[in-house]
Each structure stands twice: as structure tokens, then as C-alpha cells.
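The block underneath contains the structure these notes are about, expressed in C-alpha cells.
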2 protein chains.
Amino acid sequence: MTIKLFIVDDHYMVIEGIKSLLRHEESIIWSGHARNAAFCLAELRVNQPDIILMDISLPDKSGIELCKEVKATYPSIYVIGLSTFNQQSFIKKMLESGASGYILKNATKKEILEALQTVMKGGIYLNYEVSNQLKSRTSVPFAVLTKREKEILKLISDGLTNVEIAEMLFLGTATVDTHRKNLLLKMGAKNSAMMVKLAIEHNLLPIGK
Amino acid sequence: MTIKLFIVDDHYMVIEGIKSLLRHEESIIWSGHARNAAFCLAELRVNQPDIILMDISLPDKSGIELCKEVKATYPSIYVIGLSTFNQQSFIKKMLESGASGYILKNATKKEILEALQTVMKGGIYLNYEVSNQLKSRTSVPFAVLTKREKEILKLISDGLTNVEIAEMLFLGTATVDTHRKNLLLKMGAKNSAMMVKLAIEHNLLPIGK
DNA sequence: GTGTCCTTCCCCTAAAAAGGGGATTTTTAA
DNA sequence: TTAAAAATCCCCTTTTTAGGGGAAGGACAC
């Protein structure tokens, strides 16, 4: 699994640091970087990465804003928040804005790779300290869903039936049915209505997006 | 259920197109059409339809204005917005002006009929793309639920079936069924999964329990 | 005291989901 | 290279929901 990675951070050192850390990782393809939100958006117009590591504080816009905008235009790009401090309120907002994870700037190489891989598979990554602070609701990654499952979950929450989803994704209805069953299983939901509620509670479904 | 339908649109093609699409629908009774707001208002003085399909941009007045005026004079007439583009700001304004729904001009026959039937029953209809864009959470006058409905909505989101809810509230299943149907109607949801999502988005369901 | 809204309950049918299996291919990770 | 994991598809049955009606009593307001 190769990951096209983009970094947005106004501190040059951070960009260099991460670059350097991941230098020898063959699975990481460098997609570029930006020092502010405007540059980031401009870059995205010509080149879309798989994942963006995004600082929470940027010179021209907050990471929360930028995250929202990016997810609105490019829903398939995953965003991972990046900051020096373990600030619960920001982390929550970031996740609520569609981010798939959050890492601290003092994260180890191993942690960063773990985060990238988890997110790339459609999961939510929060490191130990972070997830410890965010109790219960907005965070706990209680189910790791695959890309396809997330895709289908979203469509279920939009009110589509298995048949409609199958048509939309060019699949057989049996396939969608299987995915729906697996989703119910993974999330421990008794039916789709409960599943949607759980998904939103655990930020597997970005709402207001 | 027959529906007396009126169309206001300055594009003749649109009027013809809709007429043509619904030609064989016996439930639709043609109440007339107008190419501008003035003609529309004149027509209404002698003949009131059940529903007006109303273009957002008219030669003499915006659909938003016209909608307000129509609803002021004839509150019982339902208005459905009609436009080529999925423009969030207009849709919002249209709904705030009293419209009961919004459809795009590339809507299918099925969608149009669905919209007409939903609205005729007092519901709100927004098609898939449109409702996806409207994240408002507050500005759009969303459903007003009764106490009982809120109670049942909560239990639905917890994954309970009609039978289970009926037992819990000492009601007949038919009663719960009726409430569920009314909830779907009021919220313009196509099924319970979508309803839960909409409810959370509009703060009708406290999440995190 | 008439009318509207809420709540309660009933009929019917069709569609969809849930629950239980199983199986194959492709992709990915170790 | 080999073993998971993901994604695809199929069978079956039962339960639940959705969609179309209708009706009737009670509360509250105008």
C-alpha cells in the first residue's frame, strides 16, 4: 500500500522533520507541502494526495476550517491533525470537521506510520495520550471500517437501499447486503438506524459535512 | 389522492417537460402554468392549486419573493422550488420563505412524483444531492416533533423495533408504526437510517445519550 | 362548539432488512 | 510465498419497515 502524503504546516522545521523521518519509507510517496491554507488548496487543485497531515494553527486559517474545506471538495482525501499540544477541544473540532486522526508533533516514526496506515484503511487514529483524554463519545475508535464499508455506511445514512447503493457503486445487491451485515456486526448495531447513530457518535460518519 | 398542480417557469421547455413526464399520471390534475410571477398571482386569484412547482429565477421577480407572497395569501398551497442548479443559498431561502421542498430540473419522473406526494401529505421533500448539501442544522425550518414523536424517535435510534417500542411504552404496534411513518414524513427521510442522521444533524436527537 | 392537532388503533400489500449459511477472487501484509 | 483480509457474489428464511389507506377519542384554541 503506497500513500501519497501531503503536509500543511507553517513551520519549515516540522515539514523537514517529517520528511526526514519518513525518508526511507518506500510506501510513502511525497505529494508536496504547503506553508498555509491558500497554498494547500492551490496545490490540491493540480495534485491530490491520499492523506494530508495538517497543522491546527496556520497563518491564514485554522486547520479546522481548512479541514472542512478540503473534505468538502475532496471527500476521499484523509486528513490527520497535527499539533504540538494535546488540546482536547481542538482535537474534537478537528475530528468533527472530518479529520481521521490526530498526532502530536513529538510522535515517533512508528506512531506516524501507524497513523498513516490506519487512516489509509479507513480507520480513525488517535495516539494513546490523545484517545485517553477524549473519553467516550467523540472519539473512541470502536470499529475499524474498511474503505468500502465506510463508503456504504455513508450511503446507508443517506437513506439509500441496498439496491440503490449497488447501482451507484456498480455492485451486486448481494455484495452490498454483505457489507451492511458486516457493518452491523462490527459496530454491534441491531439495525441500520442504530448503526447510523453509533457511527455519528464515534465520528465514523462526518455530519454537517 | 389527486393533486392539482401548477407550474411557474419562464422556460417553456421546462413546463412542457414536466407536463410530458406526468402525462399519464391520473393523480395529477393540471391547474395551469405561468411564465412569470405576475401571471401566476393573477391565475391564483381565480384558481388555487394544491402544489406549485416554482422556478427560482423568474423574469419579473425571484421565486423566493413569489413564494413568500403566495404563502402569505394562500397558506394552504404548497410550493416546491425548482431550479437547474444545486445552489444551497437559494434552497435555504426558498425553504425559509415557506417552500415545502426543492427539486432539480433534471429530476426523474419518480423523484417528481415522490416530491409531490410527500409534500401533499404535509412533508418536506429534498432530493438526495440537495439534502446532502444542506447542513444548516439551524436555519432551515426543520420538522417540529411532538413529545411522543421525539420519544419514539429516540427509541428508534437506539435500535428498537416497533414491537419493542410498543412494549416499552405500553402501546399497540400499530400506534408506533403510525408515529414512525409520521416521523419519516415530517423529516423527509426515506427510511429510519436516514431519519436518524437527519435528526442528529438538526439536533433533534441528543447524541452521546 | 367547531375545528385542528395529537394520540391511539386498524386494514392491506410490497419492499427491504436481518439472520443464517457458504464461496470465490483479488489485494495486501507479513 | 503464503496467509490473511477485503471485496465480490449466491442461497435460504423470517422479521421488519415502508407505503397506501382509514378511523375515532381527547385536548386545546379560537
Sequence of B:TYR78, A:TYR74 from largest to smallest accessible area, 1.4 Å probe = B:TYR78, A:TYR74
ask   = Sorted from shortest, what are the nm distances separating the label point of B:GLU96 from equivalent points in the other copies, each placed 7 Å from Cα along Cα to C-beta?
value = 2.2
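What net charge do the residues around A:LEU58 carry, taking every other residue with its C-beta under 9 Å from that of A:LEU58, with Lys and Arg at +1 and Asp and Glu at -1? Walk me through the numbers on the way to the answer.
Details: positive: A:ARG35, A:LYS61; negative: A:ASP9, A:ASP10, A:ASP55, A:ASP60, A:GLU65.
My count for the surroundings of A:LEU58 gives -3.
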remark   = Taking A:189-200, A:162-173 and ranking on average Cβ neighbours within 10 Å, highest first, one gets A:189-200, A:162-173
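What dipole magnitude, in Debye to the nearest 20, does region A:162-209 give about its Cα centre under +1 on Lys/Arg Cβ and -1 on Asp/Glu Cβ? Write out the running numbers ahead of the final one.
On the way: 6 positive and 4 negative charges, 46 e Å.
Magnitude of the dipole: close to 220 debye.
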message = Could you check the spin-label model distance between B:HIS24 and A:ARG148? Points 7 Å from the Cα along Cα→Cβ, value in nm.
response = 3.8 nm
key: With every protein chain in place, region B:24-85: carbon and sulfur % of accessible area (1.4 Å)   = 54 percent
request  = Would you kindly find the accessible area of A:ASP158, with a 1.4 Å probe and non-protein molecules such as ligands, DNA and RNA excluded, rounding to the nearest 10 Å²?
outcome  = 10 Å²
task = For A:GLU111, place a label point 7 Å out from Cα along the Cα→Cβ vector, do the same in each other copy, and report the separations in nm, one decimal, smallest first.
result = 4.7
message = Please report, for A:ARG45, the nm distances (one decimal) from its label point, 7 Å out from Cα along the beta-carbon direction, to the equivalent points in the remaining copies, shortest first.
response = 5.2
ask   = Which far-off residues, 5 or more places away or on another chain, put their amide H under 5 Å from the one on B:SER57, with H placed in the peptide plane?
value = B:GLY63
note = Karplus ³J(HN,Hα) for region B:166-183 (6.51 cos²θ - 1.76 cosθ + 1.60, θ = phi - 60°; Hz, whole; x = Gly/Pro) runs 4, 5, 5, 9, 6, 10, x, 5, 4, 5, 4, 4, 4, 4, 4, 4, 5, 5
key: Sequence-distant residues sharing a close amide H with A:ILE103 (under 5 Å, placed H)   = A:GLY81, A:LEU82, A:SER83
inquiry  = Interface size between chain A and chain B, please: total buried accessible area, 1.4 Å probe, rounded to the nearest 100 Å².
reply    = 2000 Å²
ask   = region B:151-194: which residues show an accessible-area loss of 30 Å² or more, assembly versus chain alone, 1.4 Å probe?
value = B:SER157, B:ASP158, B:GLY159, B:LYS190, B:ASN191, B:ALA193, B:MET194
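The values are calculated or read from the model by the stated rules, or taken from the named source; none is laboratory data. Values in this document were obtained by computation on a predicted structure and should not be read as measured data. Every residue, glycine among them, receives a Cβ derived from its backbone with ideal geometry; neighbour counts consider all protein chains shown. Please note that ligands, DNA and RNA were not included when accessible areas were found on the heavy atoms of the full protein model with its side chains. Shrake-Rupley method; radii C 1.70, N 1.55, O 1.52, S 1.80 Å.
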